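Asks: Mind having a look at this structure? Questions to follow.
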Amino acid sequence: MTGEYQHWETVPTRWKDNDVYGHVNNVVHYSLMDTVINEWMIRTAGFDPAESAAIGLCVESHCEYKAEVSFPDAIRVGLRIGRLGRSSVRWEIGMFRASDGALIAEGHFVHVFVDRRTRRPVEIAGAVRTEMEKLLTP
């Protein structure tokens, strides 16, 4: 299962990530997904979220929880693209406990790229699309 992801980040959990039940709260999982996607976009695809003419808006998100994780565990986050359309992309994310490889959660985000000013859909083009194609699942 871990071989299906083309990009990986290891993220440490923080003391504040644990909730009253003693495990990482669900909102942290969503934050990790969003962070890994956007870090990849900026560092690998050269996306500039502050200046780019087109921006990606999240129109759908989902997370299915498989196991608990708690501070001070680190989380290995795998990223791939399940579908790349003209103006949209479905990011697929797997989260695994770094210490033993246990699957913690699987999720997805769908971004639609729109013109920053008009908010109308625009084509994903250039280096961003070229790099996204490298993450497509076979």
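The values are calculated or read from the model by the stated rules, or taken from the named source; none is laboratory data. This one's a predicted model, so the numbers in the text were calculated from it and none came from an experiment. Quick reminder, even Gly has a Cβ in these numbers, built from the backbone with ideal geometry, and neighbours come from all protein chains shown. Heads up: the accessible areas ignore ligands, DNA and RNA and are worked out on the full protein's heavy atoms, side chains in. Shrake-Rupley method; radii C 1.70, N 1.55, O 1.52, S 1.80 Å.
Asks: Going from most exposed to least, what order do Trp8, Trp15, Trp40 have by accessible area with a 1.4 Å probe?
Replies: Sorted by accessible area, descending: Trp15, Trp8, Trp40.
Asks: Given a Förster radius of 25 Å and the C-beta distance between Val27 and Ala125 as r, what FRET efficiency does 1/(1 + (r/R0)^6) yield to the nearest 0.05?
Replies: The formula returns an efficiency of 0.15 here.
Asks: Leaving ligands, DNA and RNA out of it, report the carbon-plus-sulfur percent of the accessible area of the chain at a 1.4 Å probe.
Replies: Heavy-atom surface of the chain belonging to carbon and sulfur, 1.4 Å probe: 50 percent.
Asks: In Å², what does the accessible area per residue of the chain work out to with a 1.4 Å probe?
Replies: Result: 55 Å² per residue.
Asks: For the residue pair Asp34 and Ala50, what label-to-label distance in nm results when each label sits 7 Å from Cα along the Cα-to-beta-carbon direction?
Replies: 1.9
Asks: Would you mind pulling out the separation of the Cα centroids of segment 54-77 and segment 7-25, in Å?
Replies: When both Cα centres are located, 10 Å separates them.
Asks: If I fit a long axis through the Cα atoms of helix 26-43 and take the longest principal axis of the Cα atoms of the chain, what angle between them do I get, 0 to 90°, rounded to 10?
Replies: Helix 26-43 sits roughly 40 degrees off the main axis of the chain.
Asks: Leu136 label point, 7 Å along Cα→Cβ, cut-off 18 Å on backbone N: hits in segment 15-56?
Replies: It comes to 45, nothing else.
Asks: Select from Thr118, Thr13, Thr35 the residue whose mean-square fluctuation is largest in a Gaussian network model of the chain (Cα-Cα springs shorter than 10 Å).
Replies: With Cα springs under 10 Å in the chain, the top fluctuation among Thr118, Thr13, Thr35 is at Thr118.
Asks: In whole Hz, what ³J(HN,Hα) sequence does segment 56-63 give by Karplus (6.51, -1.76, 1.60; θ = phi - 60°), x for Gly and Pro?
Replies: With the stated coefficients, segment 56-63 comes to x, 9, 6, 10, 7, 8, 7, 9 Hz.
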